Amino acid sequence: MFSARNPAMLQGHGLSVHMNTRGNNTRYNTVCEASGHKTGVKRNANLGKLQAGYLFPEIARRRNAHLAENPDAKIISLGIGDTTEPIPEIIVKGLEDAARALGTQGGYSGYGAEQGQGALREAVLKTFYSNCPQLSAEDIFVSDGSKCDISRLQSMFGPTVSVAVQDPAYPAYVDTSVMTGQTGLYNSETQQFDNISYLKCCPENDFFPDLESAPATDVVFFCSPNNPTGATATRAQLEELVAWAKKNGSIIVYDAAYAIFITDPDCPKSIFEIPGAEEVALETASFSKFAGFTGVRLGWTVVPEALKYSEGFSVRQDWNRVMTTCFNGASNVAQGGGLACCTPEGQEAMMNLVKYYKTNAALLKDCFDSLGFTTYGGTNAPYVWVSFAGKPSWETFQDILSKTNVVTTPGAGFGVAGEGFIRISAFGHRENVEEAIRRFKEAFGSK
């Protein structure tokens, strides 16, 4: 097995090694030096712009390196936002019934509608958009998850659009923009890609960007509750965002992956609660964090018929073409589970899961507050954003891992504005969260 910690070994296997040092984060990027046949196909130059590895595989690599050096360590992972609790029984029954039906003559079905089963599209509309009368079931496209839809949306928008993202933000927004060809090269001075507008979201602006000074862009990625900060936009803030997009002719890609965690009545769960949003926004969401479907894979994207390009052409019509060309529809079995989620019993079961993770978040937030750290999020979101007073976040990540055997996520992995912060995930078994809290207090009690 090749190890990025051993450049000599890599070179011995016909690989050239390039050391990439960024702050206190040294990585080795490897480039294969072909010793045999080479095709005549050139590598996609946009993929060549990407820096090192995607955030979470890099965290896994460092976790594994720590385990190799400390084989007896009992690792607790509060890093990647992966659900840990079993899917509720009422929802499992929906999955089982859908699977069993495939074994019967009357219940078998093959390829389904690429847009999703009609019953599920109606159920999603009724369950999550009952207060958005401007929407219809035809606006809802069922998929295999938000992350996949983000990539497909980028394919639809193409390489010539200009893009804005929150900073910090979910890494997929930036990386798919790079891969699609919407950006310039990586700028080592700014530690950002050229030709992307980074909308700084920090404690000083209440984690909402200064839109008045922000340049107009074609597409704006906006996530609320935000991953990683846990900040949740208020109604007034979203009204400002919609007005700004309308003034600039922008399209908002609104990521509502964590909307079910919102309990503050002043924080909308959907961008479509804002009047006029259907003319400037589309929304992507998922059952991943709602029902523990991170492995089942089921989500949806809402593209209103009122959303038009500058030429007046329907965005929904293009999205339908993308989905029917690039996607064969979500799994029949997964959609059976989705239908179960939308029943009254399924909704209650989902809220019980949410309550469990929100209790974890409250415990973690209280822990770091009691230790004298400044924390954000953790109220309407399953993430706690902890300030480490400007200390480089990869260094803090390593310090926490070394002292507590707990995996977190370095804020810098989400953007320049995340430097100095650590994201703590509330997705974990309660006993592990409580043990992690004990270790945190032991390690940082003398802060």
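The values are calculated or read from the model by the stated rules, or taken from the named source; none is laboratory data. Just so it is clear, the structure is predicted and the values come from calculations on it, not from any experiment. Every residue, glycine among them, receives a Cβ derived from its backbone with ideal geometry; neighbour counts consider all protein chains shown. Ligands, DNA and RNA are stripped out before the accessible areas are found, and what is left, the full protein with its side chains, is counted by its heavy atoms. Shrake-Rupley method; radii C 1.70, N 1.55, O 1.52, S 1.80 Å.
Quick rundown of the values:
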read-out	value
In the range 138-151, the residues that are under 17 Å from residue 307 (Cα atoms), in contact with a helix residue (DSSP H, G or I) (Cβ under 7 Å, 6 or more places away or on another chain) and open to solvent by 10 Å² or more (accessible area, probe 1.4 Å)	none
Candidate set: the range 79-103, residues that are open to solvent by 30 Å² or more (accessible area, probe 1.4 Å) and at pLDDT below 95; chosen: the one nearest to residue 345 (Cα to Cα)	82
Tabulated pairs, the range 377-390, first among the hydroxyl-bearing types (Ser, Thr, Tyr), second in a loop (DSSP other than H, G, I, E, B) and open to solvent by 20 Å² or more (accessible area, probe 1.4 Å), C-beta under 9 angstrom, 6+ apart or interchain	379/232; 379/263; 379/264
Test: residue 121 is part of a helix (DSSP H, G or I), of a type in the set (Lys, Arg) and over 13 Å from residue 141 (Cβ atoms)	no
Matching residues, the range 294-339, being buried (at least 17 other Cβ atoms within 10 Å of the Cβ) and acidic (Asp, Glu)	none
Qualifying residue in the range 280-293 (condition: open to solvent by 50 Å² or more (accessible area, probe 1.4 Å) and touching a residue at least 40 places away in the same chain (Cβ under 8 Å))	no
Test for residue 423: is it basic (Lys, Arg), under 18 Å from the mean Cα position of the chain (by Cα) and farther than 15 Å from residue 75 by Cβ	yes
Residues of the range 104-129 classified as open to solvent by 50 Å² or more (accessible area, probe 1.4 Å) and of a type in the set (Val, Ile, Thr), total	1
Residue match in the range 55-78 (condition: open to solvent by 70 Å² or more (accessible area, probe 1.4 Å), hydrophobic (A, V, I, L, M, F, W, C) and in contact (Cβ under 8 Å) with a residue 12 or more places away in the chain)	no
Selected residue (only one of 275, 304 is of a type outside the set (Asp, Glu), in contact with an Asp or Glu (Cβ under 6 Å, 6 or more places away or on another chain), part of a loop (DSSP other than H, G, I, E, B) and on the phi < 0 side of the Ramachandran plot)	304
Filter result (hydrophobic (A, V, I, L, M, F, W, C) and in contact (Cβ under 8 Å) with a residue 60 or more places away in the chain) within the range 102-131	102, 113, 119, 120, 123, 124, 128
Counted residues, the range 400-433 - those being open to solvent by 10 Å² or more (accessible area, probe 1.4 Å) and out of contact with any Pro (no Cβ under 6 Å at 6 or more places or on another chain)	12
Residue in the range 75-115 that is farthest from residue 333 (Cα to Cα), counting only those that are outside any loop (DSSP other than H, G, I, E, B) and β-branched (Val, Ile, Thr)	76
Residues within the range 352-377 that are surrounded by 15 or more Cβ atoms within 10 Å (Cβ to Cβ) and part of a helix (DSSP H, G or I), tallied	12
Sole exception among (1) farther than 21 Å from residue 67 by Cα; (2) modelled with pLDDT of 95 or more; (3) of a type in the set (Gly, Ala, Ser) for residue 389, by number	(2)
Residue in the range 435-445 that is assigned to a strand (DSSP E or B) and not hydroxyl-bearing (Ser, Thr, Tyr) present	no
First in the range 399-412 and in contact (Cβ under 8 Å) with a residue 12 or more places away in the chain, second anywhere and among the acidic types (Asp, Glu), Cβ under 9 Å, 6 or more apart	403/442; 404/442; 406/435; 410/395; 410/419; 411/419; 412/419
Subset of the range 401-423 (residues that are touching a strand residue (DSSP E or B) at 6+ places or on another chain (Cβ under 6 Å), assigned to a helix (DSSP H, G or I) and closer than 17 Å to residue 373 by Cα)	411
Selection count, the range 242-278, where residues are of a type in the set (Val, Ile, Thr) and surrounded by fewer than 18 Cβ atoms within 10 Å (Cβ to Cβ)	1
Odd one out for residue 228, checked against (1) of a type outside the set (Val, Ile, Thr); (2) more than 17 Å from the chain's Cα centre (by Cα); (3) closer than 27 Å to residue 386 by Cβ	(2)
Single unsatisfied condition, residue 384 versus (1) part of a helix (DSSP H, G or I); (2) open to solvent by less than 20 Å² (accessible area, probe 1.4 Å); (3) within 23 Å of residue 416 (Cα to Cα)	(1)
Neighbours by Cβ (under 6 Å, 6+ apart or cross-chain): first from the range 216-243, under 27 Å from residue 422 (Cβ atoms); second open to solvent by 40 Å² or more (accessible area, probe 1.4 Å) and not aromatic (Phe, Trp, Tyr)	234/266
